[in-house]
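Q: I have a structure here, written as structure tokens, and I will follow up with some questions on it.
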Amino acid sequence: MAKGYWIGRVDVHNPDAYKNYVTANAAAFSKYGARFLVRGGGFRVAEGGSRDRNVVIEFPTYQAALECWDSPEYQAAKAERDGHAVADIIIIEGYEGPQPG
């Protein structure tokens with residue numbers, strides 16, 4: 001079964017209030033087995049546009065990634081972020097097929 005991922009690009013407009021979101025999202029992420037692969041950090045825009053902050057979160061399954069987003073725990077955390085940041089977030093199924101040789 002393929003893993004699931006959240007890929008997020010975020011512009012934070014109120015860093016102090018955003019800290020409440022970071023604290024609140026831990027409950028949902030722990031419950032659904034999330035693991036941060038990218039959480040901020042330096043980056044280079046090679047093509048296209050960007051936001052200030054990038055995040056990649058891995059879940060044990062695509063279904064777990066979907067359930068985490070829809071969970072009351074995450075929606076409560078997201079309410080802490082609303083109005084303090086603008087985000088583009090996709091939930092995507094991992095790839096387990098052939099790789100370049």
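Q: Just for the stretch 38-56: of the residues that are of a type in the set (A, V, I, L, M) and touching a Phe, Trp or Tyr at 6+ places or on another chain (Cβ under 8 Å), which one is least open to solvent (accessible area, probe 1.4 Å)?
A: Going through the qualifying residues, I end up with VAL55.
Q: If TYR74 satisfies all but one of (1) open to solvent by less than 50 Å² (accessible area, probe 1.4 Å); (2) among the hydroxyl-bearing types (Ser, Thr, Tyr); (3) touching a Lys or Arg at 6+ places or on another chain (Cβ under 7 Å), what's the number of the condition it fails?
A: (3)
Okay, residues lined up against (1) loosely packed, with under 14 Cβ neighbours inside 10 Å; (2) among the aliphatic types (A, V, I, L, M):
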residue: ILE7; (1), (2): no, yes
residue: LYS19; (1), (2): yes, no
residue: ALA24; (1), (2): no, yes
residue: LYS31; (1), (2): no, no
residue: ARG35; (1), (2): yes, no
residue: THR61; (1), (2): no, no
residue: ALA79; (1), (2): yes, yes
residue: HIS84; (1), (2): no, no
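Q: Hey, another quick one. Do the conditions hold for TYR95, that is, is it more than 28 Å from MET1 (Cα to Cα) and among the aromatic types (Phe, Trp, Tyr)?
A: Considered against the rule, which asks whether it is more than 28 Å from MET1 (Cα to Cα) and among the aromatic types (Phe, Trp, Tyr), TYR95 comes out as no.
Q: Then there is this: Out of the residues in the stretch 86-101 that are assigned to a strand (DSSP E or B) and more than 23 Å from THR23 (Cα to Cα), state the one that is least open to solvent (accessible area, probe 1.4 Å).
A: Per the criteria, the residue is ILE92.
The values are calculated or read from the model by the stated rules, or taken from the named source; none is laboratory data. Keep in mind that this is a model prediction, so the values were computed, not measured. Glycine gets a Cβ as well: all are built from the backbone with ideal geometry, and neighbour counts include every protein chain shown. What goes into the accessible areas is simple: the full protein's heavy atoms, side chains included, and nothing from ligands, DNA or RNA. Shrake-Rupley method; radii C 1.70, N 1.55, O 1.52, S 1.80 Å.
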